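Notes for the one structure printed next.
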Amino acid sequence: MGQTVYVLMAVEGTGKNKIWRPAAVVTNPDVATQWMEYGKDVDWIPLELDEVKNISPENMPTFHTRETTSGEERLAELNARMEATIQRMQKIINDQAALIKKQKTGAAEVPPKPSGFAERLNNGDEIADYIETWAGYPVDNEFVSERFRDYHAELRLLPIAEIRPGWQGANVRNPANERKYQRMSVKTIPPILVEDGVIVDGHHRFRAAQKRGLTHLWAYVVGWDKEGN
């Protein structure tokens, strides 16, 4: 008797035309076993070298696939069910990730109206008090109040592209302040103050909004009360 070799086989064709054909010959039974991992349309059978050397186109042996044990059948069924479950779970995860991304993207483009802020600052005193509350620098309340004595400010949603930085004294960068506004919910970020498209107060909030990918920003827009209205 010669050495035992293992003929690796694969199914060719489709439907009723399927036929088992040899694909390779190996001498290691572990390699033959690994061949089975490629799927249900592969198998292997052991042969003696004495049998193999006589194989020719006119003298082909009859290949018979190894019978699948009940344990292997149960394992294959379990693997198929597990794979189907994994695919369903992955689809759920992907759908949720897409939904979260869509929600975040929508929130990042146009922020909702901030809560807890008045629709209008009615006069210079209210404008000065508002600036002093949220400015990250010392504010001369009396000077600001007099500066905006005949003005009011209405809360509006403005395109960021139409907003320009203001005077340098109110535009001193404070990285910690910017990070604070970046972490803050877009629903609670205090509106900036804008006059003629130029930032009067809120440069850190403005830059934080740009970094978050906002396309619009809520702002108090200063207007002149010609008749004190």
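The values are calculated or read from the model by the stated rules, or taken from the named source; none is laboratory data. Given the structure is predicted, the values throughout are model-derived calculations rather than measurements. Glycine gets a Cβ as well: all are built from the backbone with ideal geometry, and neighbour counts include every protein chain shown.
Just a few scattered comments:
- Region 27-53, subset among the aliphatic types (A, V, I, L, M), more than 17 Å from ALA80 (Cα to Cα) and not in a strand (DSSP E or B), residue modelled with the lowest pLDDT: VAL52
- Scanning region 170-226 for residues that are modelled with pLDDT of 90 or more and acidic (Asp, Glu) returns GLU195, ASP196, ASP201.
- Cβ pairs under 6 Å, 6+ apart, first in region 9-34 and closer than 22 Å to GLU48 by Cβ and free of Cβ contacts under 8 Å to residues at least 60 places away in the same chain, second of a type in the set (Asp, Glu) and in a strand (DSSP E or B): MET9/ASP43; ARG21/GLU12
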